[in-house]
Amino acid sequence: MYKILAAMSICVLLTPVLFAQEIIDRPLEPKREKAKKIYRDLTWATYLRASRRFPEARDVYQRVLHLHTSSAFTHAQLANVSLAIHDIRTADQESRRAIEINPKNPLPRFLLAQVMFKRTVNSRQKNWQPVIEQLRKVTQLDPDYVDAYQYLGEIAATKEDPELGKQAFKQLTRLMPYQPVFFLRLGNAYEDLGDSEEAIRSYERAVKIDDTMWQGHESLGRLYIASYEPAENSIYSTDNPTAELINSAVEKITKAISAYTKMRRYAPNIPRQFDKMLGIFRARLGSLYLTADRPKQAIETLNKIFIEDPEHADANYILGLSYQEIKDFEKAEFHLRNAIRISPDRSEPYNALGYLLAELGTNLEYAVDIIQIALKKEPENGAYLDSLGWTYFKMGKDELARIELEKAVKFESESWEIQDHLGDIYLKIGMKNNAIGAWQKAKTLNPENKKIRQKIERYYTKIK
């Protein structure tokens, strides 16, 4: 009995196995056999494409299309590998067929745009508009299609269309906000469109992501200087520039110096003349600090120039004036003499050194000689005539002082300092009414000057 039960148990256990084997051995229905073959071929084609065996992948995709002609996916993949092996005609045909089958799929449209791009590059007539329209259809179907925007950006650069570039790179910075090159290219587009503020913002973002991107620093330096120069012109075209204007100019040129310094650090093969340009910008900043009555900052800025260029004429000249402001007259004289030695054809250092000596009351004959050198170069310079007249005043040569100061006023009628000096000489030679008149003009030009007000009050009362 137990033998019968054992045999029955074995039959029960073997039945599922035998049934499964029967299913495996049973042929598939024709339509399922076809699907199996298509799936197998597509898997193999994908492997071949990933292995960059494009001709073999193309053959497999073509075999699949014989089995399933209405597959938009397969037509698109065949177009893709055809592009890879430069079979432009097949890529064109297959991408268009894929679009016919499924017009809402962005991939075949992008492949067709690539075909059109290649043909336009190689054609004599560069008609980019159809390519742009096709790429825009891609982005309409998929607003996050990165490759389409990259192609639009390249076309914008090729056809010099900054508006198209702005549109493309704005989208790329949205989709890939940590790619500094897209912000750099967006800055280029804004700059070409004349929108300096947006260009600066884009470049600043680029170097914030990657501080070593020297192209961004170079662009920032250029734009900072461009925005600085009108402010500098405004400052030096008026006798009393506002603190706000000066501070704005200081901020802009300081940023420019910082940007160019980083460019110098990161860029390969910077020419030697670049250091001279950087020195010029530092000298201009030093001059601004001096104009803003911040001589210590001027000195700190200007001394950095000597690390690269110890013979910098502008730095020596402005340093001389700055040291004079803080009453370090020995260093002031040293740097002004250096400026004359380095650049003997310039007139300003001669005048500045002569005026310094006149203020100190030392070596006055020499002061007259070097101021006259400056005047030979610029005979109608009111500031130089003032220096000469003031030196004569210090020497006690009152009539010569009056003559030179009256000439100075003709050329520099808006200088309160020359009017003040003229008032002093008029007072000394007994022309008190003329002195009061000169000081009143000085007061009008510089109403905040207490010393001039005190002179008027003191001597006006005496005349009364």
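Would you call residue 202 under 18 Å from the mean Cα position of the chain (by Cα) and buried (at least 23 other Cβ atoms within 10 Å of the Cβ)? It is true that residue 202 is under 18 Å from the mean Cα position of the chain (by Cα) and buried (at least 23 other Cβ atoms within 10 Å of the Cβ). Does region 161-171 contain any residue that is under 12 Å from the mean Cα position of the chain (by Cα) and either assigned by TED's automatic domain parsing to the domain that holds residue 117 or of a type in the set (Lys, Arg) (or both)? Within region 161-171, none of the residues are under 12 Å from the mean Cα position of the chain (by Cα) and either assigned by TED's automatic domain parsing to the domain that holds residue 117 or of a type in the set (Lys, Arg) (or both). Among the numbered conditions (1) without any contact (Cβ under 8 Å) to a residue 40 or more places away in the chain; (2) in contact with a Leu (Cβ under 6 Å, 6 or more places away or on another chain); (3) buried (at least 20 other Cβ atoms within 10 Å of the Cβ), the only one that residue 224 does not meet is (2). Taken together, 77, 140, 134 contain a single residue that is modelled with pLDDT of 95 or more and closer than 30 Å to residue 38 by Cβ, which is 134.
Within region 377-393, the residues that satisfy the criterion of being more than 19 Å from residue 340 (Cα to Cα) and of a type in the set (Ser, Thr, Tyr) are 391, 392. Check whether at least one residue in region 435-453 is surrounded by 15 or more Cβ atoms within 10 Å (Cβ to Cβ), of a type in the set (Val, Ile, Thr) and either closer than 25 Å to residue 314 by Cα or in contact (Cβ under 8 Å) with a residue 60 or more places away in the chain (or both), and report yes or no. The answer is no, given that none of the residues of region 435-453 is surrounded by 15 or more Cβ atoms within 10 Å (Cβ to Cβ), of a type in the set (Val, Ile, Thr) and either closer than 25 Å to residue 314 by Cα or in contact (Cβ under 8 Å) with a residue 60 or more places away in the chain (or both). For the structure I just gave you, tell me whether residue 419 is part of a helix (DSSP H, G or I) and buried (at least 22 other Cβ atoms within 10 Å of the Cβ). Criteria met by residue 419. Note on region 157-180: residues that are in a loop (DSSP other than H, G, I, E, B) and at negative phi total 6.
Looking at this structure, is residue 414 of a type in the set (D, E, K, R), in contact with a Phe, Trp or Tyr (Cβ under 7 Å, 6 or more places away or on another chain) and more than 29 Å from residue 302 (Cα to Cα)? No: the conditions fail for residue 414. Apart from one condition, residue 144 fits all of (1) touching a Phe, Trp or Tyr at 6+ places or on another chain (Cβ under 9 Å); (2) under 24 Å from residue 107 (Cβ atoms); the exception is (1). Consider region 322-333 and keep the residues that are among the hydrophobic types (A, V, I, L, M, F, W, C) and surrounded by 15 or more Cβ atoms within 10 Å (Cβ to Cβ). The one that is farthest from residue 310 (Cα to Cα) is 329.
Screening residue 241 on (1) assigned to a loop (DSSP other than H, G, I, E, B); (2) surrounded by fewer than 16 Cβ atoms within 10 Å (Cβ to Cβ) shows it passes everything except condition (2). Residue check: residue 269 meets all listed conditions (1) under 21 Å from the mean Cα position of the chain (by Cα); (2) modelled with pLDDT under 90; (3) among the polar types (S, T, N, Q); (4) closer than 22 Å to residue 228 by Cα but one, namely (4).
Only a single item in (1) within 44 Å of the chain's Cα centre (by Cα); (2) part of a helix (DSSP H, G or I) is not met by residue 414, and it is number (2). Only one entry of 394, 443, 455 meets the criterion of being part of a helix (DSSP H, G or I), of a type in the set (Lys, Arg), under 47 Å from the mean Cα position of the chain (by Cα) and on the phi < 0 side of the Ramachandran plot, and that entry is 443. Among the residues of region 38-64, the one identified as under 47 Å from the mean Cα position of the chain (by Cα) and β-branched (Val, Ile, Thr) is 46.
Going by the conditions given, is residue 197 under 17 Å from residue 282 (Cα atoms), assigned to a helix (DSSP H, G or I) and among the charged types (D, E, K, R)? No: the conditions fail for residue 197. Checking each residue in region 365-389 for being of a type in the set (Gly, Ala, Ser) and surrounded by 23 or more Cβ atoms within 10 Å (Cβ to Cβ) picks out 367, 374, 387, 389.
The residues of region 64-120 that are surrounded by fewer than 18 Cβ atoms within 10 Å (Cβ to Cβ) and outside any helix (DSSP H, G or I), listed by number, are 68, 69, 70, 85, 86, 102, 103, 104, 105.
The values are calculated or read from the model by the stated rules, or taken from the named source; none is laboratory data. This is a predicted model, so every value here is computed, not measured. Counting neighbours? That spans all protein chains shown, and the Cβs are built from the backbone with ideal geometry, glycine included.
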